[in-house]
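Here is the structure we will look at.
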Amino acid sequence: MNLLSRRSLLALALALAVGVGSVAQAADQPKELRIDWATYNPVSMLIKDKGWLEKEFAKDGTSIRWVQTLGSNKALEFLNAGSIDFGSTAGSAALVGRINGNPIRAIYVYSKPEWTALVTRKDSPIRTVAELKGKRVAVTRGTDPHIFLVRALQKAGLTEKDIQPVLLQHPDGATALIRGDVDAWAGLDPMMAQTEIRDGARLFYRDADANTYGILNVREEFAKDHPDLVKRVLTVYEAARKYAVAHPDELEASFIAATKLPKDVVEKQLRERTDLSNGKIGKPQRDSILAAGLALQEAGVLKKDVDVAKALDQLVDDQYAPATN
């Protein structure tokens, strides 16, 4: 065999190897990214409305499937089942999920909200948390409002055993409160803002610092298999967050289009109770989530032998974070 023939065979072998590698890489690339949108995650609605993820992944032939989640509990449920790859939760809910065996990683902050408070009707005699003893309280387990309620009861010297929890998803909890089926509700925006404006509901207990941050999570397996895709999703999220800060009217327009809520309700949530100024999970976010976890442990919701700080370290993963300001 002459030198030319050998070179030709080597070139052919190299071409075949590259081709096989390309086919394998294409096979590994998911045909679809599954990501949630939620009324408690305004940035998600802006991204969905603008089609920015679709544009980012169009060149790969990867489609985007949007799935609405009605609360952190549903987002965690979908993540655990592999129904979505990225899901929006409160930081405290993500921590509890991780402790309970949900293999997720917290990778981004989409908001600093005051999205939960304890709510009652305008004609209710309830004025303090202590007055919830023996009362029916609507709550969605596994969410920040649930954790907020537990911590509020703890401060008042009560536990969940002292009330009658009525387990409902957030929208149903709002309806039950106004209808008179429950005495109070661990509320969540934008339903909470809607009951205030439309029905005169009262937020009788507020504590902005006990609201943990809005966190975007990813399935651990997905992140391990596709770290580059996680980074690209977060790059879109970070650009959208900055755009939302610079164009609040467009954020509100996307919110209204997705929820069909009145402008005054949307403004109350976004302008009065939502801070989009930071996208990084840093020390303030870690401290807030850790404080919630320790409070839940003290209240008996988490077992005493759980290492909450270690679980937080296992949850938070900042290697995918885009540059923020």
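Some observations on this one:
- Probe 1.4 Å - accessible area at D183, Å² to nearest ten: 30
- Pairs over the 32 Å Cα-Cα cut-off, from the set K242/K268; K224/K303; K260/K283; K112/K133; K59/K268; K161/K280: K260/K283; K59/K268; K161/K280.
- In the assembled protein chains, T235 presents an accessible area of approximately 80 Å² (probe radius 1.4 Å).
- Within the chain, the whole DSSP H helices whose Cα atoms reach 30 Å or more along their own axis and whose mean Kyte-Doolittle score is at least 0.5 are 3-28.
- A cut-off under 13 angstrom between Cβ atoms defines the neighbours of I104, and their net charge, with Lys, Arg +1 and Asp, Glu -1, is -2.
- Percent accessible area from carbon and sulfur atoms, the chain, protein chains only, probe 1.4 Å: 53
- Heavy-atom accessible surface of E77, to the nearest 10 Å², is about 100 Å², with a 1.4 Å probe and all protein chains retained.
- Rounded accessible area per residue of the chain, 1.4 Å, Å²: 46
- P(r) weight above 16 Å for the range 123-165, C-alpha pairs, percent: 30
- Reported label for calculated Cα Rg over 2.2 N^0.38 Å given (i) 1.32; (ii) 1.16; (iii) 1.45: (ii)
- Cα→Cβ-extended label distance, 7 Å offset, between V245 and K310, nm: 3.7
- Overall form of the range 40-81 per C-alpha gyration tensor (a/c, 1.5; a/b vs b/c): oblate
- Once the Cα-Cα distance is subtracted from the 0.36 nm per residue extended length, the K224 to L203 segment shows a gain of 3.3 nm.
- MRE, 222 nm, helices only [DSSP H, n ≥ 4, -39500 (n - 2.57), over the chain, to nearest 500]: -15000 deg cm²/dmol
- FRET efficiency for A130 and K50, using Cβ-Cβ distance with R0 set to 41 Å, rounded to 0.05: 0.30
The values are calculated or read from the model by the stated rules, or taken from the named source; none is laboratory data. This is a predicted model, so every value here is computed, not measured. All Cβ positions, even for glycine, are placed from backbone atoms using ideal geometry, and neighbour counts span all protein chains on display. Ligands, DNA and RNA are stripped out before the accessible areas are found, and what is left, the full protein with its side chains, is counted by its heavy atoms. Shrake-Rupley method; radii C 1.70, N 1.55, O 1.52, S 1.80 Å.
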